[in-house]
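The values are calculated or read from the model by the stated rules, or taken from the named source; none is laboratory data. Predicted model, so just to flag it, every value in this text is computed and none were measured. Ideal geometry is used to build each Cβ from the backbone, glycine not excepted, and the neighbour counts take in all protein chains shown. These area figures cover heavy atoms from the full protein model, side chains too; ligands, DNA and RNA do not enter into them. Shrake-Rupley method; radii C 1.70, N 1.55, O 1.52, S 1.80 Å.
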Amino acid sequence: MSSADLPTPGTSPTLPLPSVRPRRLRRTPALRRMVRETQLSVNDLIYPLFVMAGEGEKVKIGSMPGCYRYSLDLLLREVQAVFELGINAIALFPVIPEQKKDDTGTESYNSEGLVQQTVRAIKQAVPEIVVITDVALDPFTTHGHDGIIDENGVVLNDPTVEVLVKMALSQAAVGVDMVAPSDMMDGRIGAIRKALDAAGYIDVGILAYSAKYASAYYGPFRDALDSAPKFGDKQTYQMDAANAREALKEVALDISEGADIVMVKPALAYLDIICQVRDYTQLPVAAYNVSGEYAMIKAAGQQGWIDEKKVILETLTSIKRAGADLILTYFAKEVALMLR
Ligand code: PBG
């Protein structure tokens, strides 16, 4: 049909003129920018980084293209670089060699451990960046669970919380800004808050992995850390993917116990949970765009099946639109570059 064949507006006998035309506000890029509801910003991003022992080494993570395990010296350069790109915060995860692991994860609170050394060094080199450390035993236990197990393989809650408290204190002692318990033991936020306060670390914050689901999307992360559980799975402590009300129960508990920021993890299959948590609390809400979510986009991008950069921006925007104020994402550095 040529434009000459188009009817003059208002003259069609069958179609009345629409009285509201939403497309008016989509007509030009400037109009679209004016009415855009969600703005992704570098301030929203927290960059997870993997540190390992050694020097001058940067090892690719097979299932997470573009992510590396860094030795401390190279990690410091990376932290400096991302801070210069405007990223305010990093979340640290250690790769612990097998010989330093044991049944109860004692290496987790070694004052000269890898995390502790790394935090000290970052606080020397890039003092302004917000350093967040993971509080959970899985990188440190021979069995790969986030807690202490009994002879039947049951993860014991209260003895685990005691170790988590020691771990958080040892991280506070080296100057971390926030600790992030990702273990899903009951009562750990309150126990950690109480211990931090009693030791005088009143300004060390808690980013609580409040609604953390037992998810198959963590696979690549477990490759990165060699931390996959040696038996069973994490369903007795991480949440059932089918539950939404329970997420609010967990969030409520963590808030009452002293969390400063609450988190939903993973992000994409749980956007409804992010939305509900956002409505429920006045605290900042974080979401973890996890390793499996990252790997799927990278894999499809490498195949040329999707426009990777656009999919990354659309994905992170959707997480923010759902209600997350903060997004932990392995895309942080790439996105910081894109947003420049
Ligand atoms: C460990 C922890 C995990 C992640 C963050 N902290 C894995 C797990 O619970 O098994 C997953 C992060 C990701 O997949 O990107 N407690």
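Here are the numbers:
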| item | result |
| --- | --- |
| GLY232 being modelled with pLDDT under 95 and on the phi > 0 side of the Ramachandran plot | yes |
| Matching residues, the stretch 202-236, being farther than 24 Å from ILE327 by Cβ and touching a residue at least 60 places away in the same chain (Cβ under 8 Å) | ASP226, ALA228, PRO229, LYS230, PHE231, GLY232, THR236 |
| Top-ranked residue in the stretch 300-340 [being free of Cβ contacts under 8 Å to residues at least 40 places away in the same chain and among the small types (Gly, Ala, Ser); ranked as most open to solvent (accessible area, probe 1.4 Å)] | GLY304 |
| Residue selected from the stretch 115-151 under the condition touching a Pro at 6+ places or on another chain (Cβ under 6 Å) and farther than 14 Å from GLY175 by Cα, by the criterion surrounded by the most Cβ atoms within 10 Å (Cβ to Cβ) | VAL135 |
| Count of residues meeting criterion [buried (at least 22 other Cβ atoms within 10 Å of the Cβ) and of a type in the set (Ser, Thr, Tyr)] in the stretch 273-299 | 3 |
| Conditions (1) open to solvent by 30 Å² or more (accessible area, probe 1.4 Å); (2) more than 12 Å from the ligand (Cβ to nearest atom); (3) not acidic (Asp, Glu): number failed by TYR270 | (1) |
| Test: TYR213 is among the hydroxyl-bearing types (Ser, Thr, Tyr), open to solvent by 10 Å² or more (accessible area, probe 1.4 Å) and within 16 Å of the ligand (Cβ to nearest atom) | no |
| Among (1) in contact with a helix residue (DSSP H, G or I) (Cβ under 8 Å, 6 or more places away or on another chain); (2) surrounded by fewer than 21 Cβ atoms within 10 Å (Cβ to Cβ); (3) without any contact (Cβ under 8 Å) to a residue 40 or more places away in the chain, the one test that ALA247 misses | (2) |
| Given (1) within 23 Å of LYS230 (Cα to Cα); (2) over 22 Å from the mean Cα position of the chain (by Cα); (3) open to solvent by less than 10 Å² (accessible area, probe 1.4 Å), index of the condition LEU196 fails | (1) |
| Only one of ASP307, ASP272 that is over 16 Å from the mean Cα position of the chain (by Cα) and closer than 24 Å to GLU250 by Cα | ASP272 |
| The one condition in (1) closer than 30 Å to GLY187 by Cβ; (2) within 16 Å of the ligand (Cβ to nearest atom); (3) buried (at least 17 other Cβ atoms within 10 Å of the Cβ) that ASP226 fails to fulfil | (3) |
| Matching strands (runs of 3 or more DSSP E) fully within the stretch 17-132 where at least 3 residues are of a type outside the set (Ser, Thr, Tyr) | 45-52, 58-60, 89-94 |
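Residues are listed down the side, and each one gets a yes or a no for (1) within 26 Å of ILE297 (Cβ to Cβ); (2) free of Cβ contacts under 8 Å to residues at least 24 places away in the same chain; (3) within 16 Å of the ligand (Cβ to nearest atom):
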{"site": "GLY62", "(1), (2), (3)": "yes, no, yes"}
{"site": "TYR70", "(1), (2), (3)": "yes, yes, no"}
{"site": "ILE96", "(1), (2), (3)": "no, no, yes"}
{"site": "LYS100", "(1), (2), (3)": "no, no, no"}
{"site": "ASN110", "(1), (2), (3)": "no, no, no"}
{"site": "ALA121", "(1), (2), (3)": "no, no, no"}
{"site": "VAL135", "(1), (2), (3)": "no, no, yes"}
{"site": "HIS145", "(1), (2), (3)": "no, no, yes"}
